[in-house]
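Peer 1: The structure under discussion is supplied below as structure tokens; questions concerning it will follow.
The values are calculated or read from the model by the stated rules, or taken from the named source; none is laboratory data. Computed from a predicted structure; not experimentally measured. Note that each Cβ is placed from the backbone with ideal geometry, even for glycine, and that neighbours are counted across all protein chains shown. Protein only, heavy atoms only, side chains kept; ligands, DNA and RNA dropped before computing areas. Shrake-Rupley method; radii C 1.70, N 1.55, O 1.52, S 1.80 Å.
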Amino acid sequence: MRESANRGIRIAKFTLDGYFNYGNVLQNYALQQMLLRYADSVDTLWTQPYNFMPEVWWNWRWKEYIKWLINWKNFRTKIANGHIGREMARQAKIRDFSDRYISYHRVTLDALSDRIKQYDYCVVGSDQVWNPHFGNYHQFFLGVAPEEKRLSYAASISTMDIPAEEHDFFVQGLKGMKALSVREQAGADLIEQLTGRKAEIHLDPTLLLTANEWRSVSRRPTWYHGGEYLLTYFLGRRPAQIDAIAEELGLTVVNLLDEAVYEHYVTGVDEFLWAINHASLVYTDSFHGSVFSILFQTPFVVCDRVGTGKGDASEKMGSRLDTLLGYFGFEDRRTNQSKGYRIDNPMQSPAWERCEPVLAKERARSAEYLRRILGLDA
């Protein structure tokens, strides 16, 4: 229910920039839709300049742009037909969803202070906005805004390891927030340990919208031609054992992010939603892969994430899955390598009847929090 009529509230929202991840875009859209119940406008402000090239592990210099334009030694052809070409197509689809459904504006860091003056509040969240291992996390403590405008909703830290050189900035950033809402219990515990403040714990914004609200922005993938399938969506390494499990269950495997199958790799955000909704079984190490399995009541198995060997923090992010599964008593849907990535009766539906009472309660808590921090309960 929209409550914003004639309130005149304008909100600037901050989250991770980019078109590289389904979950990031979906939580951005969900929080926007939730805030629009109370505000007249919600704009996501991104400070990264737009680049038509995808975000990849190496940076494009001026030489690469020239090579691309003149197709030097078939440079453009090789790029278009290789990993970067596929990544460009995938991110173009993610951007298409963002362009259609999210009000976002690119603002330079130099212009951000002046732009903030147009808004009544600044809200940061969700996603790993407070992960100190991400290079641009400083802006997400909203230091450009007056303290009375600085609000968070379901912000995630996703690590208990705060680098020593970031400790003081991290603590002062938390202390400068008017309202603190995080996504995981571990994040709330860390904030209390560092600052003495108690942060509230709220649902990831993707869980605030109903399954039918998500279905309204979903679309059947171009790759679907009928039949039952086991959908896999892994941000870490995908366990090879899943193929044998699918064969035992008589299911075809659809592996999103599989570069060997172009149409699967370039699945769009709206197609991602449809794919989870219509799968017979989902295997994932993704938080949002698990969220949408629960919302659409699709049987799912959550695997511990196995890192890529690059020394990143991906193996330290299990707390958010623990919190999510704990809400509904679905801890038995989790598995790991020592279990052969198996659970008992994976095709058997979990106790879905547990979900709606929990969701109704937690959605009400989130709504009460947002009304309170936006001054609507007075």
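Peer 1: Which condition does F292 not pass, out of (1) part of a loop (DSSP other than H, G, I, E, B); (2) buried (at least 21 other Cβ atoms within 10 Å of the Cβ); (3) at pLDDT 95 or above, if it passes all the others?
Peer 2: Failed condition: (1).
Peer 1: Can you pull out the residues in the stretch 231-256 that are part of a loop (DSSP other than H, G, I, E, B) and surrounded by 16 or more Cβ atoms within 10 Å (Cβ to Cβ)?
Peer 2: Across the stretch 231-256, the qualifying residues are F234, L235, G236, R238, P239, L251, L256.
Peer 1: Confirm whether K198 is surrounded by fewer than 20 Cβ atoms within 10 Å (Cβ to Cβ) and more than 26 Å from Y327 (Cα to Cα).
Peer 2: Here the answer is no, as K198 does not meet what is asked.
Peer 1: Of all helices (runs of 4 or more DSSP H) completely enclosed by the stretch 28-128, which ones contain at least 1 residues that are surrounded by fewer than 14 Cβ atoms within 10 Å (Cβ to Cβ) and at pLDDT 90 or above?
Peer 2: Output list reads 83-101, 109-116.
Peer 1: Of the residues that sit in the stretch 150-182 and are of a type in the set (D, E, K, R) and either without any contact (Cβ under 8 Å) to a residue 24 or more places away in the chain or in a helix (DSSP H, G or I) (or both), which one is farthest from G135 (Cα to Cα)?
Peer 2: K175
Peer 1: Right, something else. If you take the residues in the stretch 1-27 that are at pLDDT below 70 and open to solvent by 50 Å² or more (accessible area, probe 1.4 Å), which one is farthest from the chain's Cα centre (by Cα)?
Peer 2: The qualifying residue farthest from the chain's Cα centre (by Cα) is N6.
Peer 1: Here's a follow-up. Would the stretch 183-195 turn up any residue that is of a type in the set (D, E, K, R) and touching a residue at least 40 places away in the same chain (Cβ under 8 Å)?
Peer 2: The answer is yes; a qualifying residue exists.
Peer 1: Considering only residues that are open to solvent by 40 Å² or more (accessible area, probe 1.4 Å) and more than 24 Å from G23 (Cα to Cα), which ones fall in the stretch 129-170?
Peer 2: Within the stretch 129-170, G143, V144, P146, E147, E148, A164, E165, H167, D168, F169 qualify.
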